[in-house]
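The values are calculated or read from the model by the stated rules, or taken from the named source; none is laboratory data. These numbers come from a predicted model, not from an experiment. FYI the Cβ positions are ideal-geometry reconstructions off the backbone, even for glycines, and counts take in every protein chain you see. Side chains are part of the model used for accessible areas, which takes the heavy atoms of the whole protein and leaves out ligands, DNA and RNA. Shrake-Rupley method; radii C 1.70, N 1.55, O 1.52, S 1.80 Å.
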Amino acid sequence: MTTGTRVEILDRTSCAAGAGDASGTGGSGAAAERNGLRVAALAAAVGVSPDTVRYYERAGLLHPPERTPTGYRVYGTAAVDRLRFIRGCQRLGLRLREIADLLAVRDTGVCPCEPAEQLLRRRIAEVDVELARLTALRAEMAEMAEKLPTAACPPPEPGRWCPPDGDGR
């Protein structure tokens, strides 16, 4: 897998994190207000709720945006790419603190491929453990289903699936 492909999995963009305005504000003052996105427009562009955008800002994943004179948040177009990166990482099961670490690397203008690879390999191991747990759970449930009687069941006793069999179990 090439370096560009690894990052593409996360954010569908190139490794050029330094391209554009890394702050996600899109400029300052009147230009930002004219060209920027308010919370609802940013949220709609990425497919999240406005509350999610505000939460990511509070959590430090999105840089604080410019504000209009009336106090509305105005995000630059770079915030769209940043949110897509965050959502892509979340789809892969990365935690917010891990995403914050990748964003910190990305904000320096360096490609986050190496740390992303380490995070993804660790996440793969976690998924493998969870798959093994779920496979064992499924087998246990299937075994229980097979042991259920096919004839009419008498009224159940509290805390038991089935009444005791002839052995008193």
Query raised in the report: I124 passes all but one of (1) open to solvent by less than 90 Å² (accessible area, probe 1.4 Å); (2) modelled with pLDDT under 95; which number fails?
Result: (1)
Requested in this report: Out of L83, L37, L92, report the one residue that is of a type in the set (A, V, I, L, M, F, W, C) and at pLDDT 95 or above.
Outcome: L83
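Let's see how each residue does on (1) surrounded by 15 or more Cβ atoms within 10 Å (Cβ to Cβ); (2) touching a strand residue (DSSP E or B) at 6+ places or on another chain (Cβ under 7 Å); (3) within 25 Å of A125 (Cβ to Cβ):
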site: L62; (1), (2), (3): yes, no, no
site: R67; (1), (2), (3): no, yes, no
site: T70; (1), (2), (3): no, no, no
site: Y75; (1), (2), (3): yes, yes, no
site: R95; (1), (2), (3): no, no, yes
site: E98; (1), (2), (3): yes, no, yes
site: R106; (1), (2), (3): yes, no, yes
